[in-house]
C-alpha cells in the first residue's frame, strides 16, 4: 500500500487539525475509526461499485491518515490509500484514486508549509 508520511513540528493537536481541515477542505468526509485511524472519503461507494470509474465526480475514494510520533517527538501523519479504493473502477478508477491521492498530498504539504510546521516527507 503506498503512502506519504509527513513529519510536523509544534503542537501535535494543532498539526493534526491542519492536516484534517486541509483534507476536509478538498471535499472529503472525516471519520475516526475504532483503532484511532482517521479515514477520509469522497464520492458514493454504491455508485462506484455499480458503474466503476465512469462514476465521474461521484467515484468513491478513501484514504487513511495515521498519526504517530517519531524518535524526536515530532508528529508524523502517514497518508495512505484505503483498500476499498483499489478494488473498483478498473484502470479509470485507479487513475481517479491516484489523482485524489496526489491532490491530498500536495494540499497537505502546502498547508503544513504555510503553517510553518512542515519538517519533511517521505513517500513509499
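The numbers here are math on the coordinates, done by the rules we state, and not lab data. Everything quoted here is computed from the prediction, not taken from an experiment. Heads up, the Cβs are rebuilt from the backbone with ideal geometry, glycines too, and the neighbour counts pull from every protein chain shown.
Annotations
- Cβ-to-Cβ counts within 10 Å put 38, 14 in ascending order as 14, 38, the fewest first.
- Inter-label distance for residue 122 and residue 14, nm, one decimal - labels placed 7 Å from Cα along Cα-to-Cβ: 2.6
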